[in-house]
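> I have a structure I would like to understand better, so I am pasting it below and will then ask my questions one at a time.
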Amino acid sequence: MQLILSLFKAAYETLLAPRQMAHNVKDIQMPRQQRWQALILVAALSAVLSYLSYYAINLTSENTIDLPSKSGPFGLFFLQITTMFTLVFAIQLVGSWAGGTGTLDETILLVAWMQFVLVSLQILQVIFIFISPVIAFLIGLAGVVLVLVLLTVFISALHGFKSLPGVFLSMLVVLVVFASILGAVLKALGIDIEGVL
């Protein structure tokens, strides 16, 4: 329990000082296998919470909405982990090509930590679906903004880039390109990606 509370406290501190937390995460010593395991774990948590949020909305609303993936919960988890793996290698490869100094191990853990911060926000969203759907909706919007902010700051801290606007614009271009490629590949494999990518 103490570990869980410490993690949530660190997630809150990430919102206050994302660059400092990025450097703290970079300094963590951990075998690569455990880094991948952390990434897979938070991907699973995120998939579960996504389904819980949609079920909660359908329970509390007169109008039902479709779940984010027609492939079922395991399909959503597969899409989630595929997206996160793609993000790790995109950040690492493109950052290195641009002269960045970050390592693959650092990238894995930073992406995993970013996803944990978002998972913390998802938990709040699920709770507020039952209390105030409007607030829950606003939390969802905040999550979208948070993804962009954390990615920009984390990539900058990871690779030693100085210009945040430059990192932000480059990140958007790379994300669009990789999302298009990933979407095309998954569709070619016959995997439903509606509502996920």
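The values are calculated or read from the model by the stated rules, or taken from the named source; none is laboratory data. No experiment lies behind these values; they were computed from the predicted model shown. Reconstructed Cβ throughout: ideal geometry from the backbone, glycine too, with neighbour counts over all protein chains shown. With ligands, DNA and RNA removed, areas are computed over all heavy atoms of the protein, side chains included. Shrake-Rupley method; radii C 1.70, N 1.55, O 1.52, S 1.80 Å.
> Considering only the stretch 157-187, how many residues are under 21 Å from I108 (Cβ atoms) and either at pLDDT 80 or above or not β-branched (V, I, T) (or both)?
Residues in the stretch 157-187 being under 21 Å from I108 (Cβ atoms) and either at pLDDT 80 or above or not β-branched (V, I, T) (or both): 12 in total.
> Next up: Looking only at the stretch 25-40, count how many residues are touching a residue at least 12 places away in the same chain (Cβ under 8 Å) and either over 17 Å from L104 (Cβ atoms) or of a type outside the set (A, V, I, L, M, F, W, C) (or both).
Counting residues in the stretch 25-40 that are touching a residue at least 12 places away in the same chain (Cβ under 8 Å) and either over 17 Å from L104 (Cβ atoms) or of a type outside the set (A, V, I, L, M, F, W, C) (or both) gives 3.
> Quick test for you: out of V167, V177, pick the one residue that is open to solvent by less than 40 Å² (accessible area, probe 1.4 Å), over 13 Å from the mean Cα position of the chain (by Cα) and aliphatic (A, V, I, L, M).
The unique qualifying residue is V167.
> Now, a different point. For the stretch 121-136: of the residues being more than 10 Å from L49 (Cα to Cα) and touching a Ser or Thr at 6+ places or on another chain (Cβ under 9 Å), which is most open to solvent (accessible area, probe 1.4 Å)?
Per the stated criteria, the residue is F130.
> Let me confirm something: among S61, S50, which residue is within 14 Å of Q115 (Cβ to Cβ) and at pLDDT below 95?
It is S50.
> Within the stretch 20-35, track down each residue that is part of a helix (DSSP H, G or I) and either within 16 Å of L158 (Cα to Cα) or of a type in the set (D, E, K, R) (or both).
Q20, M21, A22, H23, N24, V25, K26, R32, R35
> Just one of the numbered conditions (1) closer than 19 Å to A43 by Cα; (2) in contact with a Lys or Arg (Cβ under 9 Å, 6 or more places away or on another chain) is not true of L124; which one?
For L124, the exception is condition (2).
Residue-wise test of (1) more than 14 Å from H23 (Cα to Cα); (2) within 21 Å of the chain's Cα centre (by Cα).
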{"position": "W97", "(1), (2)": "yes, no"}
{"position": "G102", "(1), (2)": "no, yes"}
{"position": "T107", "(1), (2)": "no, yes"}
{"position": "L110", "(1), (2)": "no, yes"}
{"position": "I123", "(1), (2)": "yes, yes"}
{"position": "V126", "(1), (2)": "yes, yes"}
{"position": "V134", "(1), (2)": "yes, no"}
{"position": "L138", "(1), (2)": "yes, yes"}
